[in-house]
Amino acid sequence: GITLWHDILMSAGIVLVTSFFINLHKSPINLKKLLALELLPGSILASFRPNGLPTIAIFALFYGLFVLIKHRSQFALTAKLLMTSIVLTALVTIIGSNLILGLSPINNYYAQEWMLNDISCYAESAAGKDFVEKNIPGIGTTDTWRSLAACTFLNGATISNEEKFAAEKYIPSAWIELLKQDPFFVLITHAKRNAYLIPLPIFGIPTEPFLHSTIEFKDQDINWAFPSVAEKARIPMRLWNAGRGLTGWAGLWSLVLIGLAVFGRRKNLVPAIAMSLAMVGIIFVVAPIPDGRYALFVLIAGQLALIGNIVEWAQTGSNRRPTD
């Protein structure tokens, strides 16, 4: 049901890592079992998207700080487990990227795509005149780099792929120069591009692309193995997509998690909140386009937590009703 296979694996990994820290404080005597079933496989799976490692690292910072303040006696063990997850995810990310893909996970074309989009968006503005010529010398011009579409979605610049690859060594320094020169432009561009990550409808109700119910190209002679089952299974996905202004609003579901933890006294949601904030923060910076599947964990966690809370409230309420 999710567009690309690596999104499935990363989302599953993030769920497992979060579940580990929730279950750890519920039943610490099952540490070995939880390590084998949740933390270790979760840390490996989280590496299947390049933002998995920084998400785990920032989660560790947020959650470690919470444990240090609220549960100091558990901090030493928690810190060791968080470092285990970070190291394992880092090893798989580096080894997998270099040996399997033959690409560095840092500073290659795909890792720089969001910087490219920012630069193309800036080149479209009046303030961006001559920015490309000054910071990416000899590779294209302002006219070939400019793209209004890059501000919010796919980059439509006319620069060739060969020129984009040739510009790799200049892109990080050019983007840093852009940040120094016009930080407000960078901030507002990312806010508009990733409006679904912001809990308030500053730019209206977000309607980012969402999860697809089919992934194959047309006319490729690909057919469902079980057509009747597949068609029924796609119905919930299509309904979820239809309501993506609500169901795909990651910032809103982060806020729901925080609200349930604060007002509903759901301390067990703290790991989910820490992971959600880490994920939303990373995506806000590095996502080249808005896409609901990037923040799938946040949507799952927020919606299931709310449904679970409603069900529990309903059960508690029914138990309190007088019986005949």
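The values are calculated or read from the model by the stated rules, or taken from the named source; none is laboratory data. Computed from a predicted model, the values in this text were never measured in an experiment. Here Cβ is always computed from backbone atoms with ideal geometry, including for glycine, and neighbour counts include all displayed protein chains. Quick note on the areas: whole protein, heavy atoms, side chains included, nothing else; ligands and nucleic acids left out. Shrake-Rupley method; radii C 1.70, N 1.55, O 1.52, S 1.80 Å.
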Checklist entry - For the chain, modelled as a Gaussian network with Cα springs under 10 Å, which listed residue fluctuates most, SER125, SER276, SER85? => result SER125
Checklist outcome for this item: Computed over region 67-157, the relative contact order (Cα-Cα under 8 Å, seq sep at least six) in percent reads 18 percent
Checklist outcome for this item: Result for the chain: accessible area per residue, probe 1.4 angstrom, in square angstrom, of 55 Å²
Checklist entry - Could you give the distance between the Cα centres of region 48-70 and region 229-252, to the whole Å? => result 28 Å
Checklist entry - Hey, of [x] 29, 50, 18, 3; [y] 22, 43, 26, 9, 1; [z] 27, 55, 17, 1, 0, which did the structure itself give for P(r) over Cα pairs in 20 Å bins from 0, in percent when calculated? => result [z]
Checklist entry - Which whole-number percent gives the relative contact order of the chain, counting Cα pairs below 8 Å spaced six or more residues apart? => result 20 percent
Next on the checklist: With a 10 Å cut-off between alpha carbons and a GNM built on the chain, which of ILE188, ILE310, ILE273 moves the most?
Outcome noted: ILE310
Checklist entry - Can you pull out the trypsin sites (Lys or Arg not before Pro) in region 53-131 that DSSP calls coil and that have at most 16 other Cβ atoms within 10 Å? => result LYS129
Checklist outcome for this item: Under a Gaussian network model of the chain whose springs join Cα atoms within less than 10 Å, the largest fluctuation of ILE283, ILE86, ILE235 belongs to ILE235
Item to check | Derived scalar couplings ³J(HN,Hα) [region 110-118; Karplus, 6.51 cos²θ - 1.76 cosθ + 1.60; whole Hz; x for Gly, Pro] | outcome: 6, 5, 9, 4, 5, 5, 4, 5, 4
Item to check | Net dipole in debye of the chain [+1 Lys, Arg Cβ; -1 Asp, Glu Cβ; about Cα centre; nearest 20] | outcome: 1580 debye
Next on the checklist: Can you pull out the chymotrypsin sites (Phe, Trp or Tyr not before Pro) in region 144-238 whose DSSP state is coil and whose Cβ has at most 11 other Cβ atoms within 10 Å?
Outcome noted: PHE217
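With contacts defined as alpha carbon pairs under 8 Å and 6 or more residues apart, what's the relative contact order of region 204-290 in percent?
On the way: 42 pairs, mean separation 25.7, N = 87.
Over region 204-290, the number comes to 30 percent.
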Checklist entry - Listed highest first by mean packing, meaning other Cβ atoms within 10 Å per residue, what order do 87-94, 40-47 come in? => result 40-47, 87-94
